[in-house]
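Okay, structure first, notes after.
The values are calculated or read from the model by the stated rules, or taken from the named source; none is laboratory data. Bear in mind that the values here come from a model prediction, so they are computed numbers and not experimental data. Cβ atoms come from the backbone with ideal geometry, glycine included; neighbour counts cover every protein chain shown. Ligands, DNA and RNA are stripped out before the accessible areas are found, and what is left, the full protein with its side chains, is counted by its heavy atoms. Shrake-Rupley method; radii C 1.70, N 1.55, O 1.52, S 1.80 Å.
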Amino acid sequence: MKPTLLEPYQKGVSEQQRCKELSEMLGKKVKERSDLFLLNQAYVYYIKENPSERENKNKFRFVGGVNGSGDFDKNVRKGIITEDVSKYLSSYHQFLADSLQEEKEKIDKGWTEWIKDDRLSYKKITVSMPNPFYRGRRYSDSNYLDELDKPQQRKGWDYLYTHKCKTHSDSYPEEIDYLVYDTVPYYRVTYTKENSYYYLKEVYDSQGKLIYVPSLSRESNNSELKDVRRLVYFKDYINNKYNIKSQSKETQKYIQLRLCRENGFEKTAVEAFGAVFASALVDATANELLSPRDAYAVRKEAKENFVTTVYRDETGEKYLKQLEKDHATEFGYVYIIERLTNVSFRVIYLNSQTLKPSYCAVVTYRTGDKPYTTAFSTKLVDIPKDIPPAVRD
């Protein structure tokens with residue numbers, strides 16, 4: 001920085017010295033372009049400071065001018081050092097001396113305070129600014145991440161959200177409400193409707209075969225995400241974690257119902273709900289229609305039937321809760337959900353403590369047991385290497 005700032009000052013010192021030398025060369029003629037330029041500068045400065053000289057002297061003639069003067073001394077133009085030219089040089093020499101003194105004082109007071117911006121040399125630098133919309137900074141914001149994943153999941157099927165469609169209803173062979181788009185009349189899009197808004201579910205062909213699943217989200221697909229956890233817990237059970245296989249057959253059966261079948265958590269919950277609901281109905285009916293003695297007998301039978309049909313094993317439940325605690329940080333955040341095919345998605349989890357990818361699973365949908373229904377399966381796969389890193393602010 002310092003040599004660059006000193007350069008104009010040093011140039012001025014050299015110019016001042018040469019000006020003094022030329023003023024002492026009376027009767028001589030100079031030919032160097034730099035000397036002729038200096039004579040010209042000296043003359044322009046002198047006329048500017050002494051405008052009356054234009055009127056008093058008869059030796060000026062128009063030759064094009066510099067800085068708006070328009071007139072030149074013929075000896076200045078020819079490079080002849082006359083007494084008048086020496087006078088111009090001496091006047092300019094004093095001006096340079098005064099200017100350089102001021103410049104020196106400014107330099108002594110500090111470069112950055114006095115130097116003009118256009119005399120500074122600048123170096124271009126690139127500054128990295130954090131991107132507030134970067135996935136890695138919003139790893140815990142499930143709503144934001146769902147919105148971020150949507151464009152990739154909808155690619156190629158955007159018309160489902162932009163083109164006009166009409167509602168249709170069939171009562172046979174399957175009772176179904178669906179949407180039909182003019183651009184793809186051979187597809188039937190199932191939906192749910194809330195407050196005059198259509199929420200798309202799945203896309204089927206005219207025979208009810210699943211063609212496309214519009215999305216997999218953190219907000220709406222709890223069953224699928226819960227089933228990924230089941231796979232991890234299932235591995236613990238297979239590996240006999242906590243020596244669980246030494247427990248009773250009833251405990252083993254309960255754990256197997258939950259962990260060893262596809263979507264076991266949800267299926268077992270539905271079955272249990274159905275049994276409890278049926279038991280409650282029996283209980284209410286017994287109270288209303290039967291004598292107290294007969295009602296007690298019916299309630300007892302219903303209770304025994306519930307225990308043998310869908311039971312709740314306390315030891316098995318405690319085991320599952322412990323597995324949930326063991327893996328809680330590993331399932332800290334659903335970081336990425338991306339579409340792989342029309343009916344499959346990849347889900348990547350982050351460890352909430354390390355913010356490193358912990359698990360990766362593929363969720364695949366298929367046509368269910370009946371037309372226009374779906375089922376899904378999950379499997380654990382290797383974690384990709386190109387995951388954008390999560391960052392703590």
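For the criterion of being surrounded by 18 or more Cβ atoms within 10 Å (Cβ to Cβ), aliphatic (A, V, I, L, M) and farther than 18 Å from R230 by Cα, L355 passes. Among all positions in the range 203-213, there is at least one residue which is assigned to a loop (DSSP other than H, G, I, E, B), within 15 Å of Y159 (Cα to Cα) and modelled with pLDDT of 95 or more.
Does D177 qualify as being under 24 Å from V343 (Cβ atoms), acidic (D, E) and open to solvent by less than 80 Å² (accessible area, probe 1.4 Å)? So D177 does not fit the description; no.
Pairs meeting the criteria (first residue in the range 18-39 and β-branched (V, I, T), second residue open to solvent by less than 100 Å² (accessible area, probe 1.4 Å), beta carbons under 6 Å, at least 6 apart or on different chains) are V30/G79. Please work out which residue is modelled with the lowest pLDDT, limiting yourself to the range 372-393 and to residues that are aliphatic (A, V, I, L, M) and either surrounded by fewer than 16 Cβ atoms within 10 Å (Cβ to Cβ) or over 24 Å from the mean Cα position of the chain (by Cα) (or both). If we take residues in the range 372-393 being aliphatic (A, V, I, L, M) and either surrounded by fewer than 16 Cβ atoms within 10 Å (Cβ to Cβ) or over 24 Å from the mean Cα position of the chain (by Cα) (or both), then V391 is modelled with the lowest pLDDT. Taking the criterion of being touching a helix residue (DSSP H, G or I) at 6+ places or on another chain (Cβ under 7 Å), at pLDDT below 90 and polar (S, T, N, Q), would at least one residue in the range 104-123 satisfy it? Yes, the range 104-123 has at least one match. Across the range 337-371, the number of residues qualifying as within 20 Å of the chain's Cα centre (by Cα) and part of a strand (DSSP E or B) comes to 9. Of all residues in the range 209-266, exactly one satisfies the criterion of being of a type in the set (D, E, K, R), open to solvent by less than 70 Å² (accessible area, probe 1.4 Å) and without any contact (Cβ under 8 Å) to a residue 24 or more places away in the chain, namely R261. For the range 133-162, a tally of residues being part of a loop (DSSP other than H, G, I, E, B), in contact (Cβ under 8 Å) with a residue 24 or more places away in the chain, farther than 18 Å from N351 by Cα and not aromatic (F, W, Y) returns 1. Restricting attention to the range 16-45, which residues are part of a loop (DSSP other than H, G, I, E, B) and either charged (D, E, K, R) or open to solvent by less than 80 Å² (accessible area, probe 1.4 Å) (or both)? Those that are part of a loop (DSSP other than H, G, I, E, B) and either charged (D, E, K, R) or open to solvent by less than 80 Å² (accessible area, probe 1.4 Å) (or both): E24, M25, G27, K28, V30, K31, E32. Listed by first and then second residue, the pairs with beta-carbon distance under 8 Å, at least 6 apart or on different chains, first residue in the range 372-393 and in a strand (DSSP E or B), second modelled with pLDDT under 95 and open to solvent by 90 Å² or more (accessible area, probe 1.4 Å), are A375/D369. For the range 193-203, the count of residues that are in contact (Cβ under 8 Å) with a residue 12 or more places away in the chain, out of contact with any strand residue (DSSP E or B) (no Cβ under 6 Å at 6 or more places or on another chain) and buried (at least 17 other Cβ atoms within 10 Å of the Cβ) is zero.
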